[in-house]
1. Where both residues lie in the chain, what percent of DSSP beta bridges are antiparallel, nearest 5?
2. Could you please rank 198, 192, placing first whichever residue has the fewest other Cβ atoms within 10 Å of its Cβ?
3. Rounded, prolate or oblate, given the Cα gyration tensor of the range 107-153, with a/c below 1.5 counting as rounded?
4. So what's the gap between the Cα centers of the range 79-131 and the range 170-202, to the nearest angstrom?
5. Given (1) 1.07; (2) 0.92; (3) 0.98 as candidate values of Cα Rg over 2.2 N^0.38 Å, which corresponds to the one derived from the coordinates?
6. Sorting 78, 116 on the 10 Å Cβ count, fewest up front, what's the list?
7. Calculate the dipole size of the chain relative to its Cα centre from +1 charges on Lys and Arg beta carbons and -1 charges on Asp and Glu beta carbons; express the result in debye to the nearest 20.
8. Among 202-209, 225-232, what's the highest-first ranking by average C-beta atoms within 10 angstrom per residue?
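Please treat every number below as a calculation from the coordinates, not as lab data. Please read these numbers as outputs of a predicted model, since none were measured by experiment. Virtual Cβ from ideal backbone geometry, glycine too; neighbours counted across all protein chains shown.
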Amino acid sequence: MNVKPDFSKNANVAATAPAFLSVWDMHAYYGESYIVQGISFNVHEGEILALLGRNGAGKTSTLRAIARLADPELKRGEIWLDHQPLHSMSSYQASQAGLGLVPEDRRIIAGLTVEENLKLAQIAPPIGWSLERVYDLFPRLRERRTQEGVTLSGGEQQMLAIARALCRDIKVLLLDEPYEGLAPVIVDEIEKTLRIIKEQGITTILVEQNAVRALQLADRAVILDTGGIVFDGTAAEVLENKELREEYLAI
């Protein structure tokens with residue numbers, strides 16, 4: 001059996017409890033461009049981690065590398081999820097292992113209804129997230145189950161994208177800019193949903209430009225700057241540190 005390595009001696013890794021998802025010395029490239037420059041961090045089971053930084057800091061690239069997408073190319077490092085070595089897997093295998101990525105553009109499939117989008121993603125038979133359970137979490141999607149997914153509002157499409165990830169019975173939810181272009185009242189609704197998902201034991205990594213909202217939701221935060229980690233600690237510490245916020249988050 002593969003055994004997850006002990007990262008507790010690394011300065012950028014929280015070591016207060018065993019990690020559920022561990023990133024160790026990850027280096028990733030787009031062609032010759034060195035984007036993710038040797039970062040290491042842990043995420044604990046059921047935790048919400050805000051992955052923050054200015055534009056171009058490497059946040060989305062980090063998510064994509066964890067999800068094992070072809071771009072960026074992971075050239076060095078290890079990624080472990082619940083004792084499973086994601087770094088040696090394809091994106092499809094990582095999805096089967098329990099990763100669910102919701103990209104910024106949501107990737108709702110045109111020509112399919114809300115329910116067809118969900119059924120296409122759902123494992124058979126569903127273990128934890130049946131359609132009814134998903135609809136209980138997102139009652140608006142139940143109301144629109146026969147509507148074409150791409151005709152939903154932006155907020156409803158974001159709900160559908162998250163619901164579709166849950167249908168894979170995931171362990172870790174990776175969210176890239178989920179609040180982008182949404183009204184504050186819709187953001188409130190999505191945050192309420194993410195708190196419920198947390199209560200169900202799902203671990204979440206949240207990349208979000210609205211850093212204050214992300215920090216208010218998250219348990220911990222990792223801040224990136226030019227591909228490296230400059231902070232790894234609690235979200236409360238960031239909210240209380242004006243100098244840190246101004247220098248790396250412009251808030």
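1. If I count the DSSP bridges inside the chain, around 60 percent turn out antiparallel.
2. Lowest to highest Cβ neighbour count: 192, 198.
3. It comes out oblate by the Cα gyration axes.
4. Rounded to whole Å, the Cα centres lie 16 Å apart.
5. (3)
6. 116, 78
7. My answer is approximately 480 debye.
8. Details: 202-209: 23.1, 225-232: 17.9.
The most tightly packed comes first, giving 202-209, 225-232.
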